[in-house]
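S.K.: Could you have a look at this structure, given as structure tokens, before my questions?
The values are calculated or read from the model by the stated rules, or taken from the named source; none is laboratory data. If you're wondering where the values come from, they're calculated on a predicted model, not measured in any experiment. Neighbour counts run over all protein chains shown; Cβ positions are idealised from the backbone, glycine included.
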Amino acid sequence: MLTIDVSTLGPAQLQNYLQYAIAPRPICFATTIDLDGQVNLSPFSFFNLFSTNPPLCIFSPARRVRDNTTKHTLENVLQVKECVINIVNYSMVQQMSLSSTEYAKGINEFEKAGFTMLPSDLVRPPRVAEAPVQMECTITEVIQLGERPGAGNLILAEIKRIHIHEDILDEEGKIDQVKIDLVARLGGDWYCRVTPENLFKVAKPLTTLGIGVDALPKQVRHSMVLTGNDLGILGNVEELPSDDDVDAMRTMHQVKEVLDATIGDAVNRERELHELAQLLLRNGNVADALKIVLL
Ligand SMILES: Cc1cc2nc3c(=O)[nH]c(=O)nc-3n(C[C@H](O)[C@H](O)[C@H](O)COP(=O)(O)O)c2cc1C
């Protein structure tokens, strides 16, 4: 294993490791304005949602590693404590990237990147009309994390109004995770796109109290077949089945086949039963899968 003492790396090298590992990161496409009314539009992937009550996002324009200068976005929010956070989807990604060019102060990236300015209702910075979601925010705090190259500046943005394009909504008026077609930033030049093939669901262990992986018998935990994900699903059940219920599985056609074919061969019996259970897990039949691995 490569172990790194961060104090031995320069900011650029360290940034490389961190940005490849801490990924994918959502993109805050921030519109800001200075006291003279000059508009700025720049993307920031040091960004996330940190609170829903109050609804608060944080993004971080860092000091440039190259020359330790600060970004126009930071200078603007120190003057006018407002911004719009625009959400980036796949159809905007190339123009968004173009807008991250270090244009001189006063150059409006809306024009350079070919985006349309839409007036906001409550704040002075305009919205990006093309963005599927646009959030008008007030800046509650700016926290400097240092004065050296690469130091971040946390901009705490409280969301006051949200505008959502109707074409990304489902029948209930909620955002459709496929239709929004999000992109995110990874290391170097890498991005990812949230496509239907990449989406999957993990049941929230919110309402139930899972038994935990540690409550599964040793031969299940140390299975040659079951993966960590399989164990995570099994550990999320509320209780182990009764011995009678486990025993009843012996009559299931596929189980019976395995049992008959592996008489006196405990190793292969366990392997084949676990493979069968894994197949059931893939099909969402957690209850029967658990009974089979407990046989
Ligand atoms: C997708 C993407 C994400 C970025 N994320 C950040 C970031 O989180 N922090 C940062 O300081 N710069 C980030 N940048 C670079 C800034 O967008 C770039 O420095 C921009 O020119 C800053 O503009 P400004 O000086 O007009 O504020 C990112 C660039 C791209 C394309």
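S.K.: For the range 178-196, name all the residues that are of a type outside the set (Val, Ile, Thr) and surrounded by fewer than 13 Cβ atoms within 10 Å (Cβ to Cβ).
M.R.: Matches in the range 178-196: GLY188, ASP189, TRP190, PRO196.
Here is a yes/no grid of residues against (1) away from the ligand (no atom under 13 Å from the Cβ); (2) in the same structural domain as LEU154 (by TED's automatic domain parsing); (3) acidic (Asp, Glu); (4) assigned to a strand (DSSP E or B):
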| site | (1), (2), (3), (4) |
| --- | --- |
| ALA23 | no, yes, no, no |
| THR32 | no, yes, no, yes |
| ASN48 | no, yes, no, yes |
| SER51 | yes, yes, no, yes |
| SER91 | yes, yes, no, no |
| GLY106 | no, yes, no, no |
| GLU111 | yes, yes, yes, no |
| PHE115 | yes, yes, no, no |
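S.K.: Considering only the range 43-85, how many residues are among the acidic types (Asp, Glu) and at pLDDT 95 or above?
M.R.: 2
S.K.: Now for a different question. Mind checking which residues of the range 14-41 are under 24 Å from the mean Cα position of the chain (by Cα) and more than 21 Å from ILE58 (Cβ to Cβ)?
M.R.: Matches in the range 14-41: ASN16, TYR17, TYR20.
S.K.: So which pairs qualify, if the first residue must be in the range 39-59 and under 23 Å from GLN79 (Cβ atoms), the second must be assigned to a strand (DSSP E or B) and within 6 Å of the ligand (Cβ to nearest atom), the Cβ gap must be under 6 Å, and the two must be at least 6 apart or on different chains?
M.R.: PHE59/PHE44
S.K.: Go over the candidates PHE46, PHE50 one by one and state the one that is closer than 30 Å to GLU130 by Cβ and either among the acidic types (Asp, Glu) or in contact with a Ser or Thr (Cβ under 7 Å, 6 or more places away or on another chain) (or both).
M.R.: PHE46
S.K.: Among residues belonging to the range 53-89 that are outside any loop (DSSP other than H, G, I, E, B) and charged (D, E, K, R), point out the one that is farthest from the ligand (Cβ to nearest atom).
M.R.: Checked the range 53-89; the qualifying residue farthest from the ligand (Cβ to nearest atom) is GLU82.
S.K.: Given (1) part of a strand (DSSP E or B); (2) farther than 30 Å from THR195 by Cβ, where does ARG161 come up short, assuming only one miss?
M.R.: Here ARG161 clears every test but (2).
For every residue, the table says whether it meets (1) surrounded by 15 or more Cβ atoms within 10 Å (Cβ to Cβ); (2) in contact with a Lys or Arg (Cβ under 7 Å, 6 or more places away or on another chain).
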position	(1), (2)
ALA62	yes, no
GLN79	no, no
GLU82	yes, yes
ASN86	yes, yes
GLU111	no, no
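S.K.: Restricting to the range 34-46, give me the number of residues that are more than 8 Å from the ligand (Cβ to nearest atom) and either in a strand (DSSP E or B) or surrounded by fewer than 16 Cβ atoms within 10 Å (Cβ to Cβ) (or both).
M.R.: So the answer is 5.
S.K.: Looking only at the range 201-218, which residues are over 13 Å from GLY235 (Cβ atoms) and part of a helix (DSSP H, G or I)?
M.R.: Residue satisfying the conditions is LYS218 alone.
S.K.: Right, something else. I want to confirm something. Restricting to the range 20-33 and keeping residues that are in contact (Cβ under 8 Å) with a residue 12 or more places away in the chain and over 17 Å from ASN86 (Cα atoms), which single residue is surrounded by the most Cβ atoms within 10 Å (Cβ to Cβ)?
M.R.: PRO24
S.K.: Using the structure shown, decide if GLN95 is in a strand (DSSP E or B), surrounded by 15 or more Cβ atoms within 10 Å (Cβ to Cβ) and not acidic (Asp, Glu).
M.R.: No.
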